[in-house]
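The values are calculated or read from the model by the stated rules, or taken from the named source; none is laboratory data. Because the structure is predicted, anything quoted here is derived from the model rather than measured. Note that we place each Cβ from the backbone using ideal geometry, even for glycine, and neighbour counts take in every protein chain shown. Heads up: the accessible areas ignore ligands, DNA and RNA and are worked out on the full protein's heavy atoms, side chains in. Shrake-Rupley method; radii C 1.70, N 1.55, O 1.52, S 1.80 Å.
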Amino acid sequence: MAIDPLWTLLGAALTGFGFSLVFPALGVEAIKRVDQSQQGSALAAYGLFIDISLGITGPLIGFVANNRGMTAIYPFSTMMVCIGFAVVGNLLYQKKRELTP
């Protein structure tokens, strides 16, 4: 939908710049939560799961766009994020329930 290819390039650059800042910052937070002896394994798991998520997301969004149109990727992505929040919320609730006597 960009008027000029330059706007598309700038949008991709901004997205890449944001991801390049968020990815290591989340990795640091993930590593802080484990024992020092397990930090290497935690970093490897973090890298593995981000690679898996990126490997699944591209083809999945492409499938949605191919079958439902480009405008369908936004509500689909919103739905996936909401499902992710629900899963994390449920995990936090279960953990809190286990810790409460």
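Compare M80, M1, M70 by solvent-accessible area with a 1.4 Å probe and give them largest first, with all protein chains kept in place.
Values: M80 80, M1 235, M70 125 Å².
My answer, sorted largest first, is M1, M70, M80.
Roughly what would the spin-label model give for L91 and I31, points 7 Å off Cα along C-beta, in nm?
Taking the two extended label points, one gets 2.0 nm.
How are the C-alpha pair distances of the chain spread across 10 Å bins, as whole percents from the shortest bin up?
Final binned percentages: 12, 26, 37, 18, 6, 1, 0.
Can you put R97, R33 in order of accessible area, largest first, using a 1.4 Å probe?
R33, R97
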